[in-house]
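Everything on this sheet refers to the single structure shown next.
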Amino acid sequence: MESIMRYFASSALLPDGWAANVVFTVDAAGRITDVQRKQPCPADAETLRGPVVPGVPNAHSHAFQRAMAGLTEFRGHPRDSFWTWRELMYRHAGRITPERMHAIARWLYVEMLKAGYTGVAEFHYLHHDVDGRPYTHPGEMSHRLAQAAADSGIALTLLPVLYRHGGFGGQPARPGQRRFLHAIDDYVALVDGLRGTYPRATDTGLRDVRVGTAFHSLRAVDGKEILEVLRALDAQDPSAPVHVHIAEQQAEVDDCLQWSGLRPVQWLYDHVPVDDRWCLVHATHVDTEEVARMAASGAVVVLCPTTEANLGDGIFPGREYLDAGGPARWAIGSDSHVTVDAADELRILEYSQRLRHQRRAVLASSTHASAGRAMLEGALEGGRRALGLPATGLAPSGRADWIVLDPDHPTLIERRQDAALDSWIFAGGRACVRDVMTAGRWRVRDGRHVAEEQAYAAFRDAVAALGQ
Ligand SMILES: [Zn+2]
């Protein structure tokens, strides 16, 4: 984009609610510089062809797993579980080369943009070559992900993952985990190197790559290591988001209790200063006290409802969390990418709560009676924090990251404002997303990504080469 652009929306969801006849001014860097309401359509403005909504942040992704979606839906063991699924995932991970990582991630990010996501936090642990040795450039795989994000136009928050052990109490890692492992110094050097390559934005955050920190889980990293890494990395960027997988599975809770006498979330809060830059991924199995501590701390709980349902994880106590007081922040992620659709994640999140409580509109709030609206607002704010993005919503100084819903889609006919959101999320899904802009550029028009064919061809070759 070379100059200032203006866009006219007859209906747009702004930070303080729905507004009519809005004119957005966007500068050459893709930043919104002005938002005017109740305006006639200026002669030089491009008209946005449906309700305009901020793009949704996807707060948890393992990109390479997209290529195995649908391959694990058979019973291979009398008690199939997360742990048998993990064996298949490890086998698949063993065949990912840097070229395949790029091809799979690029196609996945194209799909994400088409499905309403405009940013993604990549929880990335597949660092090394198949024999466990680092690539010549230790950040090789991370750079492939950054390239895929740049090719597709999605904003990326890279979360290089520290993985040290095979189980609680420092158990040795297994051969299937050797591509994931780092010594502490090597991990710190990796993150430092990535921060040098993708330096932190100081003003607007318009760059498309940010670098955060991630600890795989309390199974894979111990408390001393967490504190050591944070001490080393915080010198450079004390506000970068910190992600960890926590309490996804009941067996994980049982093992943690056996090892320490504490549940995983309890253990984390007792041993590490968890504050509002922490993102607790899954946090499925939590008791009343853990729910209260999470809500009060300002940490973001990252929920991945389609993956959690697919893996048989359990149900997060969503209503209890929101009622626990404190900021109680949460975000959504598509995690294993068994499906890629922001609407799917929000719908399954609400449905799991309905099945649990035998009620409807469980996640609606006192501010928003519409469950779709209440959830979207939650996912935007929590997602912004999880990705380390500086501004939320369609307001001056924010990025021009928006999606335009299709008013001609059968489920959106005559639907306005919150009714359009509910119809998109509960009835129409990703097919309701017509156009998508990130950083002031159109990435999706009429439901097609501008670089879709090329991305698909490379993905097809990668999947074919991977086999099953
Ligand atoms: Zn995960």
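The values are calculated or read from the model by the stated rules, or taken from the named source; none is laboratory data. These numbers were taken from a predicted model, which means no experiment stands behind them. No Cβ is skipped: glycine too gets one built from the backbone with ideal geometry, and neighbour counts run over all protein chains shown.
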Quick check on region 81-90. Is at least one of its residues closer than 24 Å to residue 446 by Cβ, in contact (Cβ under 8 Å) with a residue 60 or more places away in the chain and either of a type in the set (Gly, Ala, Ser) or in a helix (DSSP H, G or I) (or both)? no
Of the residues in region 61-71, those that are in a loop (DSSP other than H, G, I, E, B) and within 15 Å of the ligand (Cβ to nearest atom) come to 62, 69
Contacts under 6 angstrom Cβ, first residue in region 308-337 being surrounded by fewer than 17 Cβ atoms within 10 Å (Cβ to Cβ), partner in a loop (DSSP other than H, G, I, E, B), 6 or more apart: 319/362; 327/298
In region 298-338, which residues are more than 16 Å from the ligand (Cβ to nearest atom), at negative phi and modelled with pLDDT of 95 or more? 299, 315, 317, 318, 319, 320, 321, 322, 323, 324, 329
Among the candidates 258, 236, 249, 266, which residue alone is within 16 Å of the ligand (Cβ to nearest atom) and over 26 Å from residue 373 (Cα atoms)? 249
Per the list (1) at pLDDT 95 or above; (2) within 19 Å of residue 177 (Cβ to Cβ); (3) within 24 Å of the chain's Cα centre (by Cα), residue check on residue 256 breaks on (3)
Can you pull out the helices (runs of 4 or more DSSP H) entirely within region 96-197 that have at least 3 residues that are at pLDDT 95 or above and within 16 Å of the ligand (Cβ to nearest atom)? 98-114
Pick from region 407-442 the residues that are of a type in the set (D, E, K, R) and part of a helix (DSSP H, G or I): which of them is nearest to residue 8 (Cα to Cα)? 418
Quick one: in region 234-258, of everything that is buried (at least 16 other Cβ atoms within 10 Å of the Cβ) and among the hydrophobic types (A, V, I, L, M, F, W, C), which residue is farthest from residue 120 (Cα to Cα)? 256
Only one of 286, 229 is in a loop (DSSP other than H, G, I, E, B) and of a type in the set (Val, Ile, Thr), namely 286
Looking at (1) surrounded by fewer than 17 Cβ atoms within 10 Å (Cβ to Cβ); (2) closer than 28 Å to residue 27 by Cβ, which is the only condition residue 468 fails? (2)
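Yes/no per residue for (1) modelled with pLDDT of 95 or more; (2) surrounded by fewer than 20 Cβ atoms within 10 Å (Cβ to Cβ); (3) under 21 Å from residue 345 (Cα atoms); (4) not polar (S, T, N, Q):
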| position | (1), (2), (3), (4) |
| --- | --- |
| 379 | yes, no, yes, yes |
| 398 | no, no, no, yes |
| 413 | yes, yes, no, yes |
| 417 | yes, yes, yes, no |
Out of curiosity, is residue 280 over 19 Å from residue 380 (Cα atoms) and within 16 Å of the ligand (Cβ to nearest atom)? no
When you go through (1) within 16 Å of the ligand (Cβ to nearest atom); (2) in contact with a strand residue (DSSP E or B) (Cβ under 7 Å, 6 or more places away or on another chain); (3) at pLDDT below 95 one by one for residue 210, which number turns out not to apply? (1)
Answer yes if at least one residue in region 48-67 is among the hydrophobic types (A, V, I, L, M, F, W, C), crowded, with 17+ Cβ neighbours inside 10 Å and free of Cβ contacts under 8 Å to residues at least 40 places away in the same chain, and no otherwise. no
Does region 339-353 include one or more residues that are among the polar types (S, T, N, Q) and within 16 Å of the ligand (Cβ to nearest atom)? yes
Evaluate the following for residue 47: is it hydroxyl-bearing (Ser, Thr, Tyr) and within 16 Å of the ligand (Cβ to nearest atom)? no
